[in-house]
Each structure stands twice: as C-alpha cells, then as structure tokens.
Amino acid sequence: MRKFEVDGVNCANCAKTIKNSLEDEFGNIDVNLDVMPRQLSVDIDEAMIKKFKAELNELGFRVIREI
C-alpha cells in the first residue's frame, strides 16, 4: 500500500472524481479528508507510481510527497 499527500483535494466531490476516474486502472483508492494535506492510499507497485501521479495531475491534483 502506498500513501501520498495530495494538494487540491478540497471536498468529497474531489475524492469522488479521483475514485471514479482512477479506480478502474489502479484499484481501490482511499481518500482521507480528515487531514491536511489530504492523503490518498492506493495499492500500486513502483512501476505504476509515475503514471498514477501523472493521471492525478491531469485531474488537477498534485502529489506533494509519498509518506
């Protein structure tokens, strides 16, 4: 399981956009809206991280760092 801090996730609709857009390709994505910056958890391997970050960026969300 990988966990990322993400910028631009402001509400439940943002979380829904991420989940609806990316879960088919990357599997279940957990979005923690109770912390700042918001945290995403996803079970992906090293080879998929770059693509995951790029697709998040295309949706308007920026990965700050992996935690």
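Scanning the stretch 58-67 for residues that are exposed (fewer than 13 other Cβ atoms within 10 Å of the Cβ), not aliphatic (A, V, I, L, M) and not in a strand (DSSP E or B) yields Glu58, Gly60. Looking across the stretch 12-27, just one residue is in contact with a strand residue (DSSP E or B) (Cβ under 8 Å, 6 or more places away or on another chain) and either loosely packed, with under 12 Cβ neighbours inside 10 Å or not in a helix (DSSP H, G or I) (or both), and that is Gly27. Any residue at all in the stretch 28-41 that's of a type in the set (Val, Ile, Thr), part of a helix (DSSP H, G or I) and either under 9 Å from the mean Cα position of the chain (by Cα) or buried (at least 16 other Cβ atoms within 10 Å of the Cβ) (or both)? No, there is no match, as no residue in the stretch 28-41 is of a type in the set (Val, Ile, Thr), part of a helix (DSSP H, G or I) and either under 9 Å from the mean Cα position of the chain (by Cα) or buried (at least 16 other Cβ atoms within 10 Å of the Cβ) (or both). So which residues in the stretch 24-63 are under 14 Å from Asn10 (Cβ atoms), free of Cβ contacts under 8 Å to residues at least 40 places away in the same chain, out of contact with any Asp or Glu (no Cβ under 6 Å at 6 or more places or on another chain) and not polar (S, T, N, Q)? Selection gives Val31, Leu33, Asp34, Val35, Met36, Arg38, Leu40.
Any read-out appearing in this document is the output of simple, stated calculations on the displayed coordinates, not a laboratory observation. Model, not experiment: these values are computed from the prediction. Please note: Cβ atoms are built from the backbone with ideal geometry, for glycine as well, and neighbour counts cover all protein chains shown.
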